[in-house]
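Report on one structure; see the data block that follows.
Nothing in this text is a laboratory measurement; each read-out follows from the coordinates by a stated rule. None of the values given here were measured: they were computed from a predicted structure. For neighbour counting, all protein chains shown are included, and Cβ atoms are generated from backbone atoms with ideal geometry for every residue, glycine included.
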Amino acid sequence: MVDVADTVTAVARDEDRREFDALVERYHKQAYNIAYRMAGNHADAEDLTQEAFIRAFRFFGQYRRELSFDSWLYKIMSNVFIDRLRRKPKARIRSIDQPVLTDEGQAQFEIPDTAAGPEEEVLSNEMDSRIQEALDTLPEAFRLTVIYADIEGFSYEEIAETTSTNIGTVRSRLHRGRRMLRSKLKKYEDQLL
Amino acid sequence: MSAYVDAELTGAEMLEIRRHLAGCRECANEHESIRLMKHAVSRLRTVAPREDFAHFIIARLDEVRIPGYQRVLNSVAVLVHKKLSPVAAALAASGLALVVLSAGGMDDVAQEVNSAVAGSSLVARAGEINMIPGSNISLRPQALEIADTMSYGREPVVQWTSLGR
């Protein structure tokens, strides 16, 4: 009987693999952006995205196609994120304008913004860093909720599903999360407009 | 107020709050600051990964070894999902039981599943797998029951119940 199962599985596996590779191509940038906003730095964002895709691949047979893949992936990513924080109490937090060490010495993150001129770009980068730093200070459950609502544009119902909670909790986490952000960003309010 | 900013209230509630905001300065200020925070986060620019990141992930997938019991679980889910023969699904599921039982205990399996996610879909589906009348295969729905591993802010909840009984 194990053989029957193995045969059935083998047929499904090639099909799944092709489909999954296409999903990686399609969603990896979006997933990386969300992972970056959760983790606050590139190294952890890469780890988080990679681990989420690997876990998703392992359980791909159980993915219900009627659900959107990104919601399912984010559900997994949220779990990976929380798991890692539990194992590593002090998450690395690095500002995006802090230099990173590469093989060729120090380097800055380059984030192109073709819409803005050089001065606007500097100001915009600074503000991005401040907002990211404020996000990093939120308790992780609040941070995830704010990110899913305001970056990904998920409905409360989608956030509840993605973070395995109920809509009331989503509502409360969002409200409290935004109030915490406000207290961190109060002095920059004029520049946020 | 956040629910109002996100338009997550009923039409009547939205109207009621809108009317209130028109006459209450304190709440209007609160509304404005919450709206501003939503705007601040949503305006964050998209951060791109390195160019070869998708290929890197795909290459890593080649190294992923899916444990036997997990492959069987996945195939059961696929069969049930595609509404193929319930007999085949039951056979595959009983294969799972054998794999698990031959593993010599539940601890390793529970440990593996503990790191898993997305198991919840199978809970409902296990109930759809029909028994085979007159055969020795007596798969009970609870034999495949896996609690949703997506706990949030608590220890993961993973339970295998009645397996092999």
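Quick look at the values:
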item: Sites A:R26 and A:S183, calculated FRET efficiency, Cβ-Cβ separation with R0 35 Å, nearest 0.05; result: 0.40
item: Backbone HN-Hα couplings from phi across the stretch A:63-72 [Karplus 6.51/-1.76/1.60, Hz, Gly and Pro as x]; result: 6, 7, 5, 6, 8, 6, 5, 5, 4, 5
item: Mean-position separation - Cα centroids, the stretch B:11-27 and the stretch A:170-186, in angstrom; result: 20
item: Radius 12 Å from Cβ of A:I54, net charge of other residues (Lys, Arg +1; Asp, Glu -1); result: 0
item: Partner chain coverage, peptide A:27-37 - average Cβ within 10 angstrom; result: 4
item: Under 5 Å, built H, 5+ apart or other chain: amide partners of B:L44; result: none
item: For B:D52, net neighbour charge (Lys/Arg +1, Asp/Glu -1) across residues whose Cβ lies under 13 Å away; result: 0
item: 25 Å Cα-Cα threshold exceeded, pairs from A:K186/B:K38; A:K29/A:K186; A:K75/A:K184; A:K75/B:K38; A:K29/A:K187; result: A:K29/A:K186; A:K75/A:K184; A:K29/A:K187
item: Added length on full extension, which subtracts the Cα-Cα distance from 0.36 nm per residue, B:V64 to B:R50; result: 2.8 nm
item: Shielding by other protein chains, A:170-176, mean Cβ within 10 Å; result: 4
